[in-house]
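Contents: one structure, followed by commentary.
The values are calculated or read from the model by the stated rules, or taken from the named source; none is laboratory data. Given the structure is predicted, the values throughout are model-derived calculations rather than measurements. Positions of Cβ are backbone-derived with ideal geometry, glycine not excepted, and every protein chain shown enters the neighbour counts.
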Amino acid sequence: MANIGSGTARNLIDSDGDALDDGAGRLKVTTEQDDSFTTWVTYDDFEAATTATAISDGSNGTGATITDAKEILIQTDDANTGYIMVGSGSGTALAGTVGSRKGIKLNGGETLILALSTFANIFIDASTSSQFVNVAYFK
């Protein structure tokens, strides 16, 4: 192991010679700006289609087009007896038998949070009819 100094005073420096500590012997930590959410928007639950359908769909979705989300929350109803597949397009959200499914599988009561800004690229496909979904987004 290399000796990084002698005595009690040791300094950590980067390749340019700049100190990596805060002057009190602690590493500097850069925090992100306060990008906290200012708005939380929820929608009525809806019955998911049994074919891959965008969550912005007017019949089997929220009926909303949003482009300013920081995170999108998708939750399946806890009374669902089937499952929902979530993907980024009609070919990436496929419910079916094991080996032919595509996407992220959500059983009843499960939640998926996506760091996406728009509903346009989120598709869901229900394994059977009468599978309900709740959607919210934060901005």
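Couple of notes before you dig in:
- Gly96 among the small types (Gly, Ala, Ser), more than 18 Å from Gly63 (Cβ to Cβ), at pLDDT 95 or above and surrounded by fewer than 16 Cβ atoms within 10 Å (Cβ to Cβ): no
- Residue ID - farthest from Ala126 (Cα to Cα), chosen from residues in region 64-93 that are part of a loop (DSSP other than H, G, I, E, B) and at pLDDT 95 or above: Ala64
- Residue count for region 50-96 satisfying the condition of being in contact with a Lys or Arg (Cβ under 7 Å, 6 or more places away or on another chain) and of a type in the set (A, V, I, L, M, F, W, C): 5.
A quick yes/no check of all residues on (1) under 24 Å from Phe37 (Cα atoms); (2) under 16 Å from the mean Cα position of the chain (by Cα); (3) not hydrophobic (A, V, I, L, M, F, W, C):
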residue	(1), (2), (3)
Ile55	yes, yes, no
Asn60	no, no, yes
Thr67	yes, yes, yes
Thr81	no, no, yes
Ser100	no, no, yes
Ser117	yes, yes, yes
Asp125	no, no, yes
Phe132	no, no, no
Ala136	yes, yes, no
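- In region 104-119, the qualifying residues are those that are assigned to a loop (DSSP other than H, G, I, E, B) and out of contact with any Asp or Glu (no Cβ under 7 Å at 6 or more places or on another chain), and the one that is surrounded by the most Cβ atoms within 10 Å (Cβ to Cβ) is Phe119.
- Single residue of region 42-53 satisfying the filter (loosely packed, with under 15 Cβ neighbours inside 10 Å and not acidic (Asp, Glu)) that is nearest to the chain's Cα centre (by Cα): Thr42
- Count - residues of region 15-36 that are charged (D, E, K, R), at pLDDT below 75 and over 30 Å from Phe138 (Cβ atoms): 3
- The residues of region 78-118 that are more than 19 Å from Ile66 (Cβ to Cβ), touching a residue at least 40 places away in the same chain (Cβ under 8 Å) and of a type in the set (Gly, Ala, Ser), listed by number, are Ala79, Gly82, Ala95.
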